[in-house]
Amino acid sequence: MPWHLIARNLLAHPVRTLLTASSLVIAVFLICTLRSLVVGLTAGVEGAASNRLVVQSAVSLFVDLPLAYQGKVAQVPGVRQTCKFQWFGGYYQDPSNFFAQFGVDADRFYESYPEVEVLEGDPAAFLATRAGCLIGRDLTRRYGWKVGDRVPIKPTIFQRADGGAWEFEVVGIYRSRTSNVDDATLFFQHDYLREALEQGAASGPPGVGVYMVTLAPGADLVAVSREIDVLFENGPQRVQTTTEAEFQRQFVSMLGGVPTLLGSIGGGVLFAILLAVLNTMLMAGRERTRDLGIIKALGFGDGVAFALLMLESLLLCGVGGAIGVGLSLLSAPAFRQGLSQMVPGYAVTDETAALGLGLSLLLGVIAGAAPAWRAGRLRVIQALRPEA
Amino acid sequence: MGEPLIRLRGVVRAYTRGGETIKALAGFDLDLEEGGFYALMGPSGSGKTTLLNLLGGLDKADAGQVVVDGQDLTAMGNADLARWRADHVGFVFQGFNLLPVLTAVQNVELPLLLTPLPRSKRREHALYALKLVGLEDRAHHRPRELSGGQEQRVAIARALATDPKLILADEPTGDLDRATADQVLELLVRLNREFNKTIIMVTHDPLAAARARTVVHLDKGLLGRIEQQDAAAPAAEA
């Protein structure tokens, strides 16, 4: 097999090869990036725990539930643990510095979320410090916060009577082992918020956004959900209990057709590039008619002629795809930082990299198939005719 | 007298062009001896190139038998014919037909890729073949950096690389000026005399044909007269 011919043929038209490969690099980079966005947007759904339920108002997620519900939910057979989750909705210094903050039960949080791992600080300090907070490691990168810092968060919902910002003390920095909890959230004690509201130091809705319910081992998820819903069927607030995955899916559906749109853009880009590569390979096949005739005349078989064109196409697409994947991996930290508010779960996963490379090679096979097939069937005397 | 190197019996090859069937070879018997230098002559359309293609296993006869070195080419499939070509025949074409992306030595080395020779030996053989044609100093030049005569000599070196018994040349001097053509013809004569290569050359050029030992005339797909030339004529004056 004249392997050296494959690369040499590609290099025979350096500008054309460079342009085609560059279009592939851009296409694969775009596809990987778009898919990473979709993965980031749906990370919560993919990483949702199977043993957790979310109890929210049946009216809307924006309607709070009474605090008294927690004890009743905890009584339902099959429920092992409940944990408050209250959306705070503040920002750091400027509204553009927006990230998620939740008031939670500090004494139950670690048990409810075993996937949260405290990297720095004392885990117990979260419970011991009333104004303490746990922050995701992405926030430390973004704002340079460290354990012991006092972080002022300006409220949008829970206004303080003095008109100032809420101050939280960073007692721990966490990372999540699963994608349902991102690393750009601030968790603080719900009791800190509740006390301020009760004492009149702040104003805002007194209830809780959702209760996260951890099931006991072997509990029937559907039966427990139904029982919780039935428990509050007659009010004062009807509830809707869903799995964590379903709950996360609500947020994805709020984005409307964005994931579909991103997927469509990726598909369109891929199709356009397929045409470009196909055109290049058809041109290469036509130009190489005489060369292929020579090779066959010298005794190389039809399979070699087929392989020369097919491997050329695969090499072109493979190299372009590999560079595109490489660029998407290299740029991932920058994208993750830039998109941390919108898509905190942005990551170029191994599956995305494999998909990018796989699609490039598939493009290579499709684009190379027709010229390679023609090369395999080419008759020497036709190829070597003076007008060929 | 032993078996001829090439034996053709009742060979027919027809083409359909524009709905009309044209018999390029219309029933053909011919024996060609090993070590001969044959010139195939005749007007355009007489079947010279068709005959050469059949002898080289590049095309297949519609009827009859083409036996070369004891092997019946008409009974072989495409893959067997390709292998046979690699082992038994070297081609020299009018348009040189070198691969433009390869250097001279890489072009000569190409047919050697089909042999079990290791890389170093392949290179050694290719350089030797280039030396035979007087182009060892052009080994690493691309075809576009060579003159027409040099390109044809590289093509001859490529035809020699696998040391085949049979060299088929289709108008090898057709694209060359007289002086360069004479150099190429001289090389073919030398290969025939010194290395006992059987050479079959299609040509329109009587001066080129004069260098062959035997001239076979074809006309309208039929065998014409066969002329023996005891001693090949010397090169014409440039």
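The values are calculated or read from the model by the stated rules, or taken from the named source; none is laboratory data. As the structure is a prediction and not an experimental result, all values here were calculated from the model. No Cβ is skipped: glycine too gets one built from the backbone with ideal geometry, and neighbour counts run over all protein chains shown. Side chains are part of the model used for accessible areas, which takes the heavy atoms of the whole protein and leaves out ligands, DNA and RNA. Shrake-Rupley method; radii C 1.70, N 1.55, O 1.52, S 1.80 Å.
Listed values, structure above:
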{"read-out": "Table column - 3J(HN,Hα) (Hz), the range A:217-223, Karplus curve with 6.51, -1.76, 1.60, x for Gly and Pro", "value": "x, x, 5, 7, 4, 5, 5"}
{"read-out": "Alpha-carbon centroids, the range A:281-332 and the range B:31-106: separation in whole Å", "value": "29"}
{"read-out": "Within chain B, percent of DSSP bridges classed antiparallel, to nearest 5", "value": "55"}
{"read-out": "Accessible surface of chain B, 1.4 Å probe, proportion on carbon and sulfur as whole %", "value": "48"}
{"read-out": "Separation of alpha-carbon centers, the range A:61-130 and the range A:134-170, rounded to whole Å", "value": "15"}
{"read-out": "For the range A:59-237: rounded, prolate or oblate by the Cα gyration tensor [a/c cutoff 1.5]", "value": "oblate"}
{"read-out": "Fraction of beta bridges assigned by DSSP in the range A:59-237 that are antiparallel (%, nearest 5)", "value": "70"}
{"read-out": "Length-normalised contact order of the range B:69-141 in % [C-alpha pairs under 8 Å, at least 6 apart]", "value": "29"}
{"read-out": "Under the Karplus curve 6.51 cos²θ - 1.76 cosθ + 1.60, θ = phi - 60°, whole-Hz ³J(HN,Hα) for the range B:215-226, x wherever Gly or Pro sits", "value": "10, 9, 9, 10, 8, 6, x, 10, 6, x, 7, 10"}
{"read-out": "Karplus-derived HN-Hα couplings along the range A:194-208 (A = 6.51, B = -1.76, C = 1.60, θ = phi - 60°), whole Hz, x at Gly and Pro", "value": "4, 4, 4, 5, 5, 7, x, 6, 8, 10, x, x, x, x, 9"}
{"read-out": "Summed buried accessible surface, chains B and A, 1.4 Å probe, nearest 100 Å²", "value": "1900"}
{"read-out": "Rounded, prolate or oblate (a/c below 1.5 giving rounded, otherwise prolate when a/b exceeds b/c) for the range A:149-276 by Cα gyration tensor", "value": "oblate"}
{"read-out": "Local electrostatic count at A:L53 - Lys and Arg +1, Asp and Glu -1, tallied over other residues with Cβ under 12 Å", "value": "-2"}
{"read-out": "Percent carbon-and-sulfur accessible area, chain A, ignoring ligands, DNA and RNA, probe 1.4 Å", "value": "61"}
{"read-out": "Angle in degrees between helix B:178-195 and the longest Cα principal axis of chain B, rounded to the nearest 10", "value": "80"}
{"read-out": "Environment charge of B:T162, counting only residues whose C-beta is closer than 15 Å and scoring Lys/Arg +1, Asp/Glu -1", "value": "+3"}
{"read-out": "Neighbour-limited loop hits for trypsin sites (Lys or Arg not before Pro), the range B:143-173 (at most 10 other Cβ within 10 Å; DSSP other than H, G, I, E, B)", "value": "none"}
{"read-out": "DSSP beta bridges in the protein assembly as shown [antiparallel fraction, %, rounded to 5]", "value": "65"}
{"read-out": "Computed lengthening from A:E233 to A:F98, 0.36 nm per intervening residue step minus Cα-Cα distance", "value": "45.0 nm"}
{"read-out": "Enclosed volume per residue, in Å³, of the convex hull spanned by Cα atoms of the protein assembly as shown", "value": "226"}
{"read-out": "Residues of the range B:1-120: accessible area per residue with a 1.4 Å probe, Å²", "value": "41"}
{"read-out": "For chain A, accessible area per residue (1.4 Å probe, heavy atoms of protein chains only), Å²", "value": "44"}
{"read-out": "Averaged over B:43-56, number of beta-carbon atoms from partner chains that fall within 10 Å", "value": "1"}
{"read-out": "Dipole magnitude of the protein assembly as shown about its Cα centre (Cβ charges: Lys, Arg +1; Asp, Glu -1), debye to nearest 20", "value": "1020"}
